[in-house]
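Structure first, commentary second.
FYI, it's all coordinate maths here, none of it is from the lab. Keep in mind that this is a model prediction, so the values were computed, not measured. Neighbour counts are summed over all protein chains in view; Cβ atoms, including those assigned to glycine, are modelled from backbone coordinates with ideal geometry.
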Amino acid sequence: MKGETVARITLWVLWSLWGLACLVLLLGAVANHLASRTQTLPLRLQPGASAQVTVYRFIDDRLRLRLRYLPEAADPALDPTVRFSVETPTQQAQFRISVRAGPPTTDVVRRLETIAGGGLFDAYFGYGRGDALPRGRSWLRVTVLDVEPALAGRAASVELLPPMDVLKLTDLDYVWLWPFFFWQPLALGLLIVGAGLAIASIALRRWRRRVSAR
């Protein structure tokens, strides 16, 4: 009987730890999804056009923005300028797009840079460590201020990049979430452990029935 009691307590502890691990994995996978998804704001490049998106952050975060649009044969060799007004609950600043990146056959991708006084600190306002996106639920609004004729009326999208990426940690404050990129093998491991615990529980129950029948 003593051995049975020890086995029952051991199984109860293991089942409790297994359930806690499942809960942690579930919460971590959801948090990782929120921290690693790129949010897109469809926008037509004409003055006055505006788009807004709801943002969730676990830690005060910086702005990482880029513009994406389809190339056209008539695009000039130089990159046309577009100016935006970017607003969050804590900051407002003007941005312009930088030079394009990537092969010419793919979408044109251009990072957004702040427009300020031109000092060293100004280059990082809204794009550096600052708290442009506060912790919790907030919002981001992008408004087109000025477009050069080469891009006027073009359909585009502004992408808000996440603080995490599977191949790199953009923000070290999120290092605790990085293991949850691999939630599938972790879930498989928990499934195998759960199956083992279920078999052990069934075996213990059958053993108790046999002992009671004697």
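Spin-label model, Leu145 to Leu70: label points 7 Å out along the Cα-to-beta-carbon direction sit 3.0 nm apart. In loop segments of the range 1-65 as defined by DSSP, the chymotrypsin sites (Phe, Trp or Tyr not before Pro) with at most 16 further C-beta atoms inside 10 Å of their C-beta are Phe58. Once the Cβ-Cβ distance of Asp107 and Ala195 is raised to the sixth power relative to R0 = 41 Å, the FRET efficiency obtained is 0.35.
Ranking request for peptides 109-115, 88-94: highest mean number of other beta-carbon atoms within 10 Å first, then the rest in descending order. All intermediate terms of the calculation are to be shown ahead of the outcome.
On the way: 109-115: 18.3, 88-94: 15.6.
Listed from highest to lowest mean packing, they are 109-115, 88-94.
Between Cys22 and Asp173, residue separation times 0.36 nm minus the direct Cα-Cα distance comes to 52.0 nm.
Calculated FRET efficiency, Phe182 and Val13, Cβ-Cβ r, R0 25 Å, to nearest 0.05?
0.40
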